[in-house]
Amino acid sequence: MAVETSAIKHQTPIRTLRTIEGGFGDPLRLRERADTGPVEVLGARKAPSEGKLVSVAAALIAILVDLGVERAYGIGGGALVPIVDALANSTIRTLHCRHETGAGFAALEDSLASGRPTVVFATTGPGITNALTGLMAARWEGAKVVFVSAATSARQTGRHAFQETSPHTLPSGLYTAGSLFHYVATLSDPGQLDLVAARLARGLANPAGFVAHISIPTDIQQTSIAPVRGPAGLSLGCGCDPRVLEAVAKRLAEFSTAIWVGFGARGAAPAIRELAERLGAAVMCSPRGKGVLPETHPQFIGVTGFAGHRHVEDWLAAHAPEQILVLGTRLGEFTSFWNPKLVPPRGFIHVDTDLDQIGTAFTNCPTLAVQAEISALVDGLLARLPIAEPAPVMPGRGFLAPAPLVATSASEGRLVRPQVLMQAIQQRLVDRGATIITEAGNAFAWGNHCLQFDEPGRYRVSTGFGSMGHAVTGVLGVALANPERKAIAVAGDGSMLMNSEISTAVQYRIPAVWIVLNDSQYGMIDHGTRHAGYQPAETAIPFTDFVTIARAMGADGVHVGSELELDQALDRALAAKGPFVVDVWIDPEQRAPFLERVASLFER
């Protein structure tokens, strides 16, 4: 559905074509605009009969149910008891985790995998600060997460209450919108819930993600009020101005084009494939964009950025497309390393819903900036391209993407080489439909470089915030969001020792799998430090038996001490009905393909 657009604006060096009405509007006016504007109220529910009172906690949880929340992750506490009780008496499945950071990672991965908002809950003081890393990752990853926390009651504030929590005692960024939260509300009056409902609905309609913080003092949680039911959800019209479509279509017709896709393009994968085939365009992807175009497709030329494929740079140098259409990636360090060899002569046509993100990675590159939702833009372009046989590849410009991994025969009597492990993961797990999430460190370097996916949403990696502990706890959210696929975390021993939530998986019978690259060291730090010319300091870790730990918590697992044991171990993991750990004893001398990161880190 096309919406009213502003005039075309010209900037230097970026030319901007705006295609979405600016902003999301005043939340108090949303319902007035529902019939005619780009924002539509969906399925508002009637409140129960007058006279029936509920607690503020129950009213807030009812609002979250209306907004589509199905699962909540966190840890309760005395100051949060009314909220936890309301969750327990709602339709939201509530998982009580072992650490608030793990709850945040699980919630964000659940949101990304399911497409639904999730909740993280925490009590006062350290409960809130513990959750921050997971919530910051949710913001960076583009998830939709509502953080509900307890606060100290007003009459106790300033009197040295236990875990005293207010905007005066904790960092100000927790209570103001900014780099962490898109929206913050501290409830001092139950009458605020109407506005909170409207603001949450508006924010959760944003396809680029939304992280909110609702802070409620314990006494307010218990206050009785009439039920409040806000709008069940909002849809945002993201059509494209015909002028924009004509301008982009004209550029695509005039100049040879390659396409660069990222995680933000995953929802438009079929249309992007059709566009690439009609144009005869080469396609490359960011690490998070693996599978947007099948990696086995003949027009796919490789993964860019961290642990990507050198073939991409070689292909661009040899075949010199005149421009690149950028869809769903902001071309940050781990996508591009800001490599000038990836910039074509006529620069980029860069599509994003947020104009502020365009042109920041390659500041001197000529860029046609298009503010649009990717599906709407690509569908509009397809409508303007003639329906015909796929366009031929430019003369003499075959794609010939490299195999991601040179086949290596397993051998006995040696520690497992990561390359052989990845080969086994591809054959025994990926090719059988599993979803993989790789952890910060060597694990996501090997995963980015070696594993192949033919559909989006089956490979997750955090190449932005990149916290250790993300995958080993996020795998729970992946497993719950898509129970028909086995969810598998691939992680180093350092991350597993931080926070794995195996105990939580046991409690809720979540059949997640952890594959541990156990090399008794922080491998990426060790190898990277040596490559930079320094002597590693304290990168060794005492050997840990992760199967024994898993069994002590009620899970199962298997040791892999030889490459010949891999296939059987991975088959057992795939068939496991409960949480399962595969403890792989890795050759510590095998260096992952990440040296571009070292060069970027020490660039002067």
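The values are calculated or read from the model by the stated rules, or taken from the named source; none is laboratory data. Everything quoted here is computed from the prediction, not taken from an experiment. So basically every Cβ, Gly included, is an ideal-geometry build from the backbone, and we count neighbours across all protein chains shown. Protein only, heavy atoms only, side chains kept; ligands, DNA and RNA dropped before computing areas. Shrake-Rupley method; radii C 1.70, N 1.55, O 1.52, S 1.80 Å.
Give the Cα extents of region 184-325 along the principal axes, in whole Å, largest first.
69, 39, 21
Rolling a 1.4 angstrom probe over the protein heavy atoms, how many square angstrom per residue are accessible across region 405-471?
33
Counting only protein heavy atoms, what percent of the accessible surface of region 431-498 is carbon or sulfur at a 1.4 Å probe?
46
Tally Lys and Arg at +1 and Asp and Glu at -1 over the other residues with C-beta under 14 Å from the C-beta of Ala253: what net charge comes out?
Charge balance near Ala253 sits at +2.
For the cross-link pairs Lys144/Lys486; Lys290/Lys341; Lys52/Lys144; Lys250/Lys341, which exceed 27 Å when the distance is taken from alpha carbon to alpha carbon?
Violating the 27 Å Cα-Cα cut-off are Lys52/Lys144.
Hey, rough spin-label estimate for Arg551 and Ser520, points 7 angstrom out along Cα→Cβ, what's it come to in nanometres?
In this crude spin-label approximation the distance works out to 2.1 nm.
Give me the net charge for the shell around Thr118: Cβ to Cβ below 13 angstrom, other residues only, Lys and Arg +1, Asp and Glu -1.
Counting the neighbours of Thr118, the net charge comes to 0.
What whole-number value in cubic angstrom gives the convex hull volume per residue for the C-alpha atoms of region 240-291?
84
Which net charge results when you count Lys and Arg as +1 and Asp and Glu as -1 among the other residues whose beta-carbon is under 10 Å from that of Glu412?
Taking every Cβ under 10 Å from that of Glu412, the sum is -1.
When only DSSP loop residues count, what GluC sites (Glu not before Pro) in region 448-544 have their Cβ near at most 15 other Cβ atoms within 10 Å?
Answer by residue number: Glu484, Glu538.
Show log10 I(q)/I(0) for region 440-483 at q = 0.27 Å⁻¹, two decimals, from a solvent-free Debye sum over equal Cα scatterers.
Once normalised to I(0) and log-transformed, intensities are -1.14.
Within region 70-168, list the trypsin sites (Lys or Arg not before Pro) lying in a DSSP loop whose Cβ has at most 12 other Cβ atoms in a 10 Å radius.
Arg159
For region 84-132, I need the span (max minus min coordinate) of the C-alpha atoms along each principal axis, in Å, sorted largest to smallest.
29, 25, 15
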